[in-house]
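The structure appears below as structure tokens.
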């Protein structure tokens, strides 16, 4: 069975775009050219009749730059202040670019309670459903300005995990994580030249989880370990997931065309199991 070709049939798609994908690493400023290309890809997917939901990182990184921090803030209050400033700047850019193509976008800020608490999750799901009916593209981020490490619910910790929870909540067909890495390797390719790239994952076990190491870039928070955890959440709910490199934003098109780009994690609904030629 050609699992990649089945991706062309996916209708409800959640796309998470990382901080390193939409900002310049040196300055932390928004890469407007890449952001516009990303929005155009989303518009084209909408024109094909697909439903798209964006989970966008970048608020803290952009806010830190606006407020003059030399590096990512460590204190909770500083992070939340950066998030508040950066989210406004980021959403303003999304709104402006979407509007140029006549597409309405909506900001959706979530806390983990909105996903974990049954009543809140029901309301959140209804919001996404109504936005879909209205043909609005949701742009989702964690509400970092108010999220705290609550004992009852905690926080998402990173947007890879949040994207997986969102995909589960809306019962998405596919989750695409755009990041600063190509996908999953058997070891760190920067340290081990013999590390082998894994194209397809049919099951996630302890050995696979051990392959996830460290964080990706200074501006973001999600490394490979968080992506594997995100894959566990997504695939358990019936959503296939692809990790791909966001340096070329048009990789999204290649994924949707069924090309062998990045690492594909298959859900049970997608035919997960031990697959010949894959992990």
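Bear in mind that the values in this text are calculations on the coordinates, not laboratory data. This one's a predicted model, so the numbers in the text were calculated from it and none came from an experiment. Note that each Cβ is placed from the backbone with ideal geometry, even for glycine, and that neighbours are counted across all protein chains shown.
In terms of its C-alpha gyration tensor, the stretch 1-157 has an oblate overall shape, because the principal axis ratio a/c (a ≥ b ≥ c, square roots of the eigenvalues) is not below 1.5 and a/b does not outweigh b/c.
Summed over qualifying helices (DSSP H, 4 residues or more, each -39500 (n - 2.57)) and divided by its residue number, the chain shows a 222 nm mean residue ellipticity of -12000 deg cm²/dmol. Site pair residue 260 and residue 171 shows an inter-label distance of 3.4 nm when each label is modelled 7 Å from Cα along Cα→Cβ.
Computing Cα Rg over 2.2 N^0.38 Å directly from the structure and comparing it against (1) 1.28; (2) 1.14; (3) 0.95 singles out (3). Estimated from the Cβ-Cβ distance and a Förster radius of 25 angstrom, the FRET efficiency linking residue 66 and residue 99 is about 0.65.
When each of the peptides 186-194, 27-35, 96-104 is scored by the mean number of other C-beta atoms lying within 10 Å of its residues, the order from highest to lowest reads 27-35, 96-104, 186-194. If both residues of a DSSP beta bridge must be in the chain, then about 20% of such bridges are antiparallel.
Multiplying the residue separation of residue 195 and residue 127 by 0.36 nm and subtracting their alpha-carbon distance yields 20.1 nm. Packing here is the average count of other Cβ atoms within 10 Å per residue, and on that basis the peptides 247-258, 5-16, 118-129, 158-169, highest first, run 158-169, 5-16, 247-258, 118-129.
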